[in-house]
Amino acid sequence: MLSSPMRKLTLFILSSTMLIGGLYATIFGLLFAPIIFFWFIIGGAILAFVGAYLMWADFIAPKLGMKTWED
């Protein structure tokens, strides 16, 4: 079983990767792809949203002293 700091580090790496990858897929699909596939854009946006939500709920909101529905 992972300790709490290791779990937080793993969650931070996972959520930031989701956020960056989702933004990359969305922006690349909209701006640079010769053919726009809306499934890739929607999937990238969902991935970025979930990554941003995980970052907010687990790292940003507790630092600011805000309560989320998970608390």
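The values are calculated or read from the model by the stated rules, or taken from the named source; none is laboratory data. This is a predicted model, so every value here is computed, not measured. Every residue, glycine among them, receives a Cβ derived from its backbone with ideal geometry; neighbour counts consider all protein chains shown.
Remarks
- Condition check for A25: surrounded by 12 or more Cβ atoms within 10 Å (Cβ to Cβ), in contact with a Ser or Thr (Cβ under 6 Å, 6 or more places away or on another chain) and not polar (S, T, N, Q): no
Residue by residue, here is whether (1) at pLDDT 95 or above; (2) under 17 Å from the mean Cα position of the chain (by Cα); (3) assigned to a helix (DSSP H, G or I) holds:
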{"site": "R7", "(1), (2), (3)": "no, yes, yes"}
{"site": "G21", "(1), (2), (3)": "yes, yes, yes"}
{"site": "I36", "(1), (2), (3)": "no, no, no"}
{"site": "W39", "(1), (2), (3)": "no, no, yes"}
{"site": "W69", "(1), (2), (3)": "no, no, no"}
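- Checking each residue in region 11-37 for being among the hydroxyl-bearing types (S, T, Y) and without any contact (Cβ under 8 Å) to a residue 24 or more places away in the chain picks out Y24, T26.
- Hits in region 49-71 (condition: among the acidic types (D, E) and free of Cβ contacts under 8 Å to residues at least 12 places away in the same chain): D71
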